[in-house]
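Every number in this text was worked out from the coordinates using simple rules, so none of it is lab data. Since this is a predicted model, take the numbers as computed values, not measurements. Cβ sites come from the backbone with ideal geometry, for glycine too, and all protein chains shown count toward neighbours.
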């Protein structure tokens, strides 16, 4: 079993196109296979009903936060636009 930290370091090294020894490439391939196996077993595992309910609740909370933040952004954008117009007006009358 390849240590996860080592696998991540090797993956980082490869994605940055640093030269790697054949041993490092072999370890990285083994780590990729290990990650694929974990992912496959995790995805095939049925979720419990309470896990699904919890995830749905988290999604609902996140969506509510997104709505609040987007409204705040719209409000700030409108306020900024009003300030810009006021500045342009003041510059024009100076």
Compactness check, segment 47-94: C-alpha Rg relative to the 2.2 N^0.38 Å globular estimate gives 2.16
Based on DSSP H runs of at least 4 residues, each adding -39500 (n - 2.57), what is the mean residue ellipticity at 222 nm of the chain after dividing by all its residues, to the nearest 500 deg cm²/dmol? -30500 deg cm²/dmol
Subtracting the Cα-Cα distance of residue 44 and residue 78 from 0.36 nm times their residue separation yields 7.4 nm
Starting with the fewest neighbours, write out 32, 42 ranked by other beta-carbon atoms found within 10 Å of each beta-carbon. 42, 32
For 31, 38, order by how many other beta-carbon atoms lie within 10 Å, fewest first: 38, 31
On alpha-carbon atoms, Rg over Rh for segment 1-45 using Kirkwood Rh? 1.05
Of [x] 5.4; [y] 12.3; [z] 9.8, which is the value of mean projected area of the Cα convex hull in nm² derived from the coordinates here? [y]
Using R₀ = 25 Å, calculate the FRET efficiency as 1/(1 + (r/R₀)^6) where r is the Cβ-Cβ separation of residue 55 and residue 29; round to 0.05. 0.15
